[in-house]
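To start, the structure itself, in structure tokens.
The values are calculated or read from the model by the stated rules, or taken from the named source; none is laboratory data. In this text the structure is predicted, and so the values were computed from the model without any measurement. Note: ideal-geometry Cβ built from the backbone for every residue, glycine included; neighbour counts use all protein chains shown.
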Amino acid sequence: MIDSCASGGRRNDLESMRCSVPLHKTDADYSDFTLKHCMHQSLYNWFPYYGTPVTGPGYPDPSDKYAMRSAYVPWIALGFDVRKDNVDYAFVKDCLDEWKQFNHLFYEDYYPLTQWNRSEREWEGWEFINPEKGEGVIQLFRRELNEESEKRFKLFGLDENATYLLKDLDQGTTRASGRELMQDGYRAVIPTARGSAVILINRLEE
């Protein structure tokens, strides 16, 4: 496997991607999580597989859930310094177990749920959905200066006549029809700024 790390990511063109994968995809600071969200939202339009380190060098908090969830992409480089005693490996394992619940969905249909933006006052997020199986995931990020603790997002790729269970891994579960979720939207709650949400979607069998 060849990692395409070329000119800070400027050579991650479609021809190169036929022979390699972008694991270390940029020379930008991987601890700039807003920039990372923007890169991910864009790359999902083009690449079925790419990677990211959790943080850049010297990041002080290896137990930062916002940082970990910002790295929930098809390939994750943990990169923690095992010589230090500040790494909570139980926390890291919990995060990886969370990621493993939905990492197979990165190959399914992709829908951005927000406009591409680098504002710290906004939310950013997207949805992956397998319409045949009725299985999907929503990833959302409430930025550091945002003042909205909840926001409604219209979903895509659902069966309007089916009922879906949406499990927010932090806030609990919601049931709604595909029609409601696509027309009225899903009400996401992230109580604090610089917060995140992972919502698993599953179609309920009649």
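Tell me, please, whether a residue that is within 24 Å of Ser16 (Cα to Cα) and within 12 Å of the chain's Cα centre (by Cα) can be found in the stretch 76-94. Yes, the stretch 76-94 contains a residue that is within 24 Å of Ser16 (Cα to Cα) and within 12 Å of the chain's Cα centre (by Cα).
Could you check, for the stretch 136-149, whether at least one of its residues is of a type in the set (S, T, N, Q) and free of Cβ contacts under 8 Å to residues at least 12 places away in the same chain?
No, the stretch 136-149 contains no residue that is of a type in the set (S, T, N, Q) and free of Cβ contacts under 8 Å to residues at least 12 places away in the same chain.
Checked against (1) in contact (Cβ under 8 Å) with a residue 12 or more places away in the chain; (2) among the acidic types (Asp, Glu); (3) surrounded by fewer than 17 Cβ atoms within 10 Å (Cβ to Cβ), Glu98 meets all criteria but (3).
When the strands (runs of 3 or more DSSP E) confined to the stretch 27-133 are screened for residues that are out of contact with any Asp or Glu (no Cβ under 9 Å at 6 or more places or on another chain), closer than 23 Å to Phe153 by Cβ and not polar (S, T, N, Q), those reaching at least 3 such residues are found at 123-130. The residue that is farthest from Asp32 (Cα to Cα), among those in the stretch 44-95 that are among the hydrophobic types (A, V, I, L, M, F, W, C), surrounded by fewer than 17 Cβ atoms within 10 Å (Cβ to Cβ) and modelled with pLDDT of 90 or more, is Ala90. Would you be able to tell me the number of residues in the stretch 22-43 that are modelled with pLDDT of 95 or more, over 14 Å from the mean Cα position of the chain (by Cα) and under 25 Å from Tyr111 (Cβ atoms)? Within the stretch 22-43, residues that are modelled with pLDDT of 95 or more, over 14 Å from the mean Cα position of the chain (by Cα) and under 25 Å from Tyr111 (Cβ atoms) number 1.
Figure legend. Inter-residue proximity from the stretch 1-21: first residues more than 14 Å from Trp46 (Cα to Cα), second residues among the basic types (Lys, Arg), beta-carbon distance below 8 Å, spacing 6+ or different chains. Indicated pairs: Ser4/Arg11; Ser4/Lys25; Cys5/Lys25. For the stretch 157-190, the set of residues classified as in contact with a Ser or Thr (Cβ under 9 Å, 6 or more places away or on another chain), without any contact (Cβ under 8 Å) to a residue 24 or more places away in the chain and either of a type in the set (A, V, I, L, M, F, W, C) or closer than 28 Å to Glu120 by Cβ (or both) consists of Ala176 only.
Out of curiosity, is Ala193 touching a residue at least 40 places away in the same chain (Cβ under 8 Å), surrounded by 13 or more Cβ atoms within 10 Å (Cβ to Cβ) and not in a strand (DSSP E or B)?
Numbers: touching a residue at least 40 places away in the same chain (Cβ under 8 Å): yes; surrounded by 13 or more Cβ atoms within 10 Å (Cβ to Cβ): yes; not in a strand (DSSP E or B): yes.
Here the answer is yes, as Ala193 does meet what is asked.
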